[in-house]
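The values are calculated or read from the model by the stated rules, or taken from the named source; none is laboratory data. This one's a predicted model, so the numbers in the text were calculated from it and none came from an experiment. No Cβ is skipped: glycine too gets one built from the backbone with ideal geometry, and neighbour counts run over all protein chains shown. Keep in mind that these areas ignore ligands, DNA and RNA; they rest on the heavy atoms of the full protein, side chains included. Shrake-Rupley method; radii C 1.70, N 1.55, O 1.52, S 1.80 Å.
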Amino acid sequence: MSCCAPGAELCLVEATSSNEELLLASRTLRDGLRQTDLSVPDMHCGACLQKIEATLGGLDGVAFARANLSARRVSVQWTGDNPPPLIAALQQIGYQVHLDEATADRNDPQLTRLLLALAVAGFASSNIMLLSASVWSGAEAETRDLFHWISAAIALPTLAYAGRLFFGPAWRSLRHGRTNMDVPISIGVLLAFGMSLYETTQHGPHAYFDASVSLLFFLLIGRTLDHVMRARARQAVEGLARLSARGALVQRPDGTQIYLPVDEIEPGMTILLAAGERVPVDCRVAKGHSAIDRSLVSGESVPQSAAEGSLLQAGTLNLTAPLTIVATAAAKDSFLAEMMRMMAAAEAGRSAYRRITDRAARLYAPVVHVTAFLTCIGWMMATGDAHRAITIAIAVLIITCPCALGLAVPMVHVVAARRLFESGIMIKDGGALERLADVDTVVLDKTGTLTAGRPRLTIAGETSAGARALAAAIAAHSRHPYSEALAAPGGTRPAITLDDVIEVPGAGLEARSGENSYRLGRPDWATGAPPAAHPDAAVVLSRNGDCLAAFRLDDQLRSGTREAIVALTASGLTVEILSGDNATRVGDIAARLGVSFIANARPADKVARIAALRQAGRKVLMVGDGLNDTPALIAADASMAPASAADIGRTAADLVFVREDLQAVPRAIAVARRAARLVRQNFGLAIAYNVVAIPVAISGQVTPLLAAVAMSLSSLVVIANALRFGDSPWARPHAARPAGRTAPLTPGLAP
Amino acid sequence: MIDFFFLVPIAIGMGLAGLASFMWTLKSGQYDDLEGAAQRILFDGNEGPVLEEKRPTPPTGIKT
């Protein structure tokens, strides 16, 4: 099955987790039973699920394995002192695995609460409506009273159970001297119930139990939709923690080795770092020579060599050879912890944004309450009948209860999210749509955003097929990403016999074949010539010092990049590139696209640039994919990331686009702007409804039947308006590509 | 009309039964993995949904 054979080659450059790390990450359940949660992103179908469960279940010591296909996770319970080889077993059958953060709250408790409240409110409102229908159709006084009592008996527990979701926040905001949407809702619902109860005890003809409960029901629908849309953005920071190693093998002065959790590592300790492990804390290399993937710091996946004396940041990945390192900082002072602090700070800044609903509520609540109050006073003065005056004032509150307002925003956002989903864009937060609509500046990262995935090695100049095959054959002996890129392309290649291939760390590979000595690696090392001889070559293949072939790194623009930039500028947005790469390569691409750029930006510089733009009053959309972009993604007003982005980038971004095409950016902005327009229309409709309904209510003409009809109608109108999003004016994408992940990210050799 | 009053508690009782069963399905984790559940009906075996066991107690300092 094609979906079940994910590329195993990528696993090689993934960080591996050792047994000790698995043990540290596991949770004790009972009687020596431990649970480990693994994340398996490539689990796609029932067959995958069964294969994974069967493989894990067959291991010694595994008591129980259960895969969750929706969350792409496996929970394994096992016994014993040493964990079973869970990760190795799954990698063997071709799945990428990493340890899942053992966060307890993975099923969203708030959503469960909302759904339960919604179910209760739905049950209660339908039953009370049934009883009310018979009252409206003219039941005798005796039956009416009985039905009112039954309604009250259903409504009271419902209010207590489902209503507390509104009463609690309303009370909190009142205590702080503010008002939000929950305040008029709570007051309206509670007064309607109180008055109805009083009427029932007085055998009155009108009770509003149906109105108060169905109000709760409609509002809970809006609230639930809103919650479903809401981001789990806070997980971004937790996700970053996964990139930090959980522990490291420390060599003590007396020569013994101990595996310590990362928090207990102190500056000055000597650590043995195997190939494929992440650097636990900021450190200096004491011994060894290896290539380091610093994509966390610079966004570039081009590995850099590390030798004695090199400084490494926490979270970077050791690729090729074991290193002995000396810690220079504790975990809490390391680079990764600093990134986490930066992200938390950026997030705190963003939460200052007030949702449009809250802004509307600030105006709405006082107006409604003053109107009701004046109505009460007015009727008092006109008739002197206190009971009547209060009844009418409460009717005003019921009829103006922001039912349509509660649905106006989430309904549009849900429909807009569906539209975006059809264009291959996932949105995580309804608020992001509002922020995206206001954007006037777009900041783009280069690598992985403007350019597709990893840089590819292409051949510079003329090269014979033989030389290429030779390069591939030599490269097959190394795990360096360049070598993997060179060795990757298939096809039939002539069998080349090589004797004695050795890897020279930091330089390349040296091979002998008969009389000849071949070198594949850094240009100056392979040919002995000064670096200037091959200016743009990254890797050179030489025979006895003569250059046979040169390969260079090629940045390929994503498809649709140029069109996307043109569309963005045409709709009045300022576009700029903000990259951690060097100025020549960024400048080259910026010139091709005709936009301004900033190069050599570290993560902190990116955040500073975004903060500066925001300070100047701009609304910034950040589009980036790397780990180094993540703080900037959070700092910006709105953010987008391609699906190929690092996990944390994807979690931090408000929107994720799954197709390769960069035109997702202008499309998302167009949808957001249209959604903003529809939200404004919906507010207009809700206000128009109030303008019609309030005079009727003030004049004392509202009966429970009228209230029920008016409220349902206004909600339906708002929903219908939101559904108009369907016949949208923008052109549908022609090439209907399946909405899946982008093209494979394997570095490939272009022909 | 009052003769048919016995229908009211029956209707409400049936509604309550539906509500209670929904709450039970939600709490017993039957909506946690909808995709997986759709696939699992094709396989043999009869395990039900699994609830997370809470109380994480991470161990510290493991000697090698």
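Close Cβ contacts (under 9 Å, 6 or more residues apart or on different chains) running from residues in region B:37-51 that are within 8 Å of chain A (Cβ to nearest Cβ) to residues that are at pLDDT below 75 and open to solvent by 100 Å² or more (accessible area, probe 1.4 Å) comprise B:Arg40/B:Glu47.
Note on region A:659-705: residues that are in a helix (DSSP H, G or I) and without any contact (Cβ under 8 Å) to a residue 12 or more places away in the chain amount to 8. Here A:Ser132 passes the criteria (1) facing chain B (nearest Cβ under 8 Å); (2) closer than 30 Å to A:Asp210 by Cβ except the one numbered (1). Residues of region A:264-290 that are within 14 Å of chain B (Cβ to nearest Cβ) and outside any loop (DSSP other than H, G, I, E, B): A:Glu264, A:Ile271, A:Leu272. Taking every residue in region A:55-73 that is in the same structural domain as A:Ala88 (by TED's automatic domain parsing) and pairing it with any residue that is among the β-branched types (Val, Ile, Thr) and assigned to a helix (DSSP H, G or I), at least 6 positions away or on another chain, the pairs with Cβ-Cβ distances below 7 Å are A:Ala67/A:Ile52.
Filtered by the rule that a residue be farther than 16 Å from A:Ala160 by Cα and either among the hydroxyl-bearing types (Ser, Thr, Tyr) or more than 31 Å from the chain's Cα centre (by Cα) (or both), region A:212-229 gives a lone residue, A:Thr224.
Given the structure, is A:Asn82 open to solvent by 50 Å² or more (accessible area, probe 1.4 Å) and within 14 Å of chain B (Cβ to nearest Cβ)? Yes, satisfied. When every residue of region A:119-128 is checked against the conditions, none turns out to be over 30 Å from B:Met23 (Cα atoms) and at the interface with another protein chain (Cβ under 9 Å from one of its Cβ atoms). Here A:Gly406 fulfils each of the conditions (1) modelled with pLDDT of 80 or more; (2) open to solvent by 10 Å² or more (accessible area, probe 1.4 Å); (3) not aliphatic (A, V, I, L, M) apart from (1). Among the residues of region A:27-50, those that are away from every other protein chain (no Cβ under 11 Å) and either surrounded by 19 or more Cβ atoms within 10 Å (Cβ to Cβ) or not hydroxyl-bearing (Ser, Thr, Tyr) (or both) comprise A:Asp31, A:Gly32, A:Thr36, A:Leu38, A:Val40, A:Pro41, A:Asp42. Of the residues making up region A:573-597, those that are touching an Asp or Glu at 6+ places or on another chain (Cβ under 7 Å), closer than 21 Å to A:Met640 by Cβ and not polar (S, T, N, Q) number 7. Taken over region B:9-64, the criterion of being at pLDDT 80 or above, more than 21 Å from the chain's Cα centre (by Cα) and β-branched (Val, Ile, Thr) is satisfied by B:Ile10, B:Ile12. Being in a helix (DSSP H, G or I), in contact (Cβ under 8 Å) with a residue 60 or more places away in the chain and within 11 Å of A:Asn682 (Cβ to Cβ), is that true of even one residue in region A:386-405? Yes, region A:386-405 contains at least one residue that is in a helix (DSSP H, G or I), in contact (Cβ under 8 Å) with a residue 60 or more places away in the chain and within 11 Å of A:Asn682 (Cβ to Cβ). Scanning region A:107-121 finds no residues that are open to solvent by less than 10 Å² (accessible area, probe 1.4 Å) and either over 24 Å from A:His227 (Cβ atoms) or of a type in the set (Lys, Arg) (or both). When A:Ser70 is tested against (1) part of a helix (DSSP H, G or I); (2) within 13 Å of another protein chain (Cβ to nearest Cβ), just one condition goes unmet, and that condition is (1). Restricting A:Ala638, A:Ala608, A:Ala590 to those that are at pLDDT 85 or above, crowded, with 19+ Cβ neighbours inside 10 Å and farther than 17 Å from A:Lys428 by Cβ reduces the list to A:Ala590. Could you tell me whether region A:89-101 includes any residue that is open to solvent by 20 Å² or more (accessible area, probe 1.4 Å) and of a type in the set (Gly, Ala, Ser)? Within region A:89-101, not a single residue is open to solvent by 20 Å² or more (accessible area, probe 1.4 Å) and of a type in the set (Gly, Ala, Ser). Taking A:Arg585 as the residue in question, decide whether it is at pLDDT 85 or above and either crowded, with 18+ Cβ neighbours inside 10 Å or not in a loop (DSSP other than H, G, I, E, B) (or both). So A:Arg585 does not fit the description; no.
The set of residues in region A:593-605 that are over 20 Å from A:Ile565 (Cβ atoms) and open to solvent by 70 Å² or more (accessible area, probe 1.4 Å) comprises A:Asn600, A:Arg602. Taking the conditions (1) without any contact (Cβ under 8 Å) to a residue 12 or more places away in the chain; (2) in a loop (DSSP other than H, G, I, E, B); (3) open to solvent by 70 Å² or more (accessible area, probe 1.4 Å) in turn, A:Tyr198 satisfies each one other than (2).
Considering A:Arg543, A:Arg512, the condition of being open to solvent by 50 Å² or more (accessible area, probe 1.4 Å), under 16 Å from A:Ala467 (Cβ atoms), out of contact with any helix residue (DSSP H, G or I) (no Cβ under 8 Å at 6 or more places or on another chain) and at pLDDT 70 or above is satisfied by A:Arg543 alone.
Among A:Leu621, A:Leu627, which is crowded, with 24+ Cβ neighbours inside 10 Å, hydrophobic (A, V, I, L, M, F, W, C) and under 15 Å from A:Thr447 (Cα atoms)?
A:Leu627
Counting only residues that are of a type outside the set (Gly, Ala, Ser) and within 7 Å of chain A (Cβ to nearest Cβ), region B:1-36 holds 12 of them.
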